[in-house]
Amino acid sequence: MRKTRKTAVVLAAVLLMPMLAFAGGAAEVEEDVTIEYILWDASQLPAYEEAARVFMDQHPDIRIDIVQMGWGDYWDDLTRRLAIGDAPDVWTNHVAFFRDFAERGQMLDLQPMIGDSDIIDLGAFMPGLADLFVFEGAAYGLPKDWDTIAVVYNKDHIEEAGITRDELWNMTWNPDDGGTYQEVIARLTRDAAGNNALDRNFNRDNIARHGFGEAFDNMGAWGQTQFSLLSASMGWEFHDEDATEFYYDDEKFVSTIQWKRDMTDKGLYLSYPDSENVNELLAAGEVSMVTDGSWMIGFYLDNMGDKAGFAPIPQGPEGRNSMFNGLSDAVWAGTDHPEEAWKWVEFLASPEAQEIVGSYGVVFPAVESATEMALAVYADRGYDVSAFTDLAFDEDKNHLHPIAANATDIDSIMQDAFERIWLAPEDPRTALRRANQEINALFR
């Protein structure tokens, strides 16, 4: 919704009305423009509010109205508003969905403005980020940040279990016996009597603390913080080069999901129904480890303090491999204020705004100099976040988030399959074969 606020003084307008009427003219009241900007991450809101204040000081005729809502509500509301023609002027976009928006003509092509900009330097962004939101020669966004995945753990639990830093930093994984990764999770898991999951007296029906947890309820098609790091570590890929043939029925993927289901059955993983707020459970000490994205670093530091630690993801049969993702800011094609919306997006992608965001230490901004600022913030607070950054700067240790048409449908199909696997429960191989057939049928 685009709002306006009158800048003319009401009393002056009233006094001038008789003269304007006498002259036969119509009174024109100058109005400022309000740009509605939406995002989903509450931890980033203060940084963007500060960026908006700086922007509005520089552009007193433009007001930025920021709206934040949770991940699920965010996409449901945006889809609804695009459908009825009342979308926000600018929104934070995700690669999983941007192609669908582009094919529907719902985003403004920013390429001409980027070419004319005096403050945008595409070479200043982390390698590959600027290309993520280009489709058929049109640029539908500018990078805002980047992220990778690491293991987040409770230091007190690690010490209590007698797990050394070397053991934690060099965990291995395979789908057959889970490697040392499964062993570490088992040592962290406790039943009500205090036995860990390696003890023969361990009672899986009376768990006091799970060694590991993840958010099953939003795993969806991409499993960024859930399965992608494990399946990719075996050399599995989501789809073919054209992103029209998917491989969710591939044995490498099936065995990854089977292993995860087995872990919940053994009580080592938090159960599906209890996993919705897994990051809060880790902060509360009810779970010992999770795998999460770099955008959540600030949350864990704020809620766990010195108890929060960050370790590399486990090394699979073909090494470590994190999903590498980046977000952008998109402009609605139907905005009444394209020029002002562009100015806001241009500013957000500038080194000035990126360094404001970096100074808050909540995400790694897309501009490399601003990432260095964020790293300095973490270092000043005494935290080692190299588990995230080491993967970002090594192309052999990361893979890009998939970009495909029909992303919303694919996500829905896969989430339904996972619910069948964990809640029915259904055999993973059967559920994934059926889901893969449904997904590939979307491209026939």
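All of the numbers you see were taken from the coordinates with simple rules; none came from a lab. Note that the coordinates shown come from a computational prediction; the quantities given were computed from them, not determined experimentally. Ideal geometry is used to build each Cβ from the backbone, glycine not excepted, and the neighbour counts take in all protein chains shown.
Points to keep in mind about this one:
- Charge context of GLY235, other residues only, Cβ under 9 angstrom, K/R +1, D/E -1: -1
- The stretch 237-394: C-alpha gyration tensor shape, a/c 1.5 cut-off, then a/b vs b/c: oblate
- Taking each residue as 0.36 nm, the span from ASP116 to ARG444 lengthens on full extension beyond its C-alpha to C-alpha distance by 114.1 nm.
- Residue among ALA161, THR408, ILE62 farthest towards the positive dipole end of the chain, charges placed on Cβ: ALA161
- Relative to the longest principal axis of the Cα atoms of the chain, the long axis of helix 338-348 lies at roughly 50 degrees.
- With the highest mean first, a sort of the peptides 420-429, 375-384 on other beta-carbon atoms found within 10 angstrom per residue produces 420-429, 375-384.
- Ranked packing of 115-125, 338-348, most packed first, by mean Cβ within 10 Å: 338-348, 115-125
- Highest mean packing comes first when the peptides 223-233, 195-205 are listed by Cβ atoms within 10 Å, giving 223-233, 195-205.
- Across the chain, the mean sequence separation of Cα contacts (distance under 8 Å, 6 or more residues apart), normalised by length, yields a relative contact order of 23 percent.
- Simple label model, 7 Å out from Cα along Cβ direction - ARG53 to ARG80, nm: 3.2 nm
- Antiparallel DSSP beta bridges within the chain, percent to nearest 5: 65 percent
- Cα-based Lys proximity count in the chain, under 26 Å, for pairs eight or more positions apart or on separate chains: 13
- Helix-only CD estimate at 222 nm, as mean residue ellipticity for the chain, using -39500 (n - 2.57) per DSSP H run (n ≥ 4): -12000 deg cm²/dmol
- Net charge of the neighbourhood of ASN206, taken over other residues with C-beta under 12 Å away and scored Lys/Arg +1, Asp/Glu -1, is +1.
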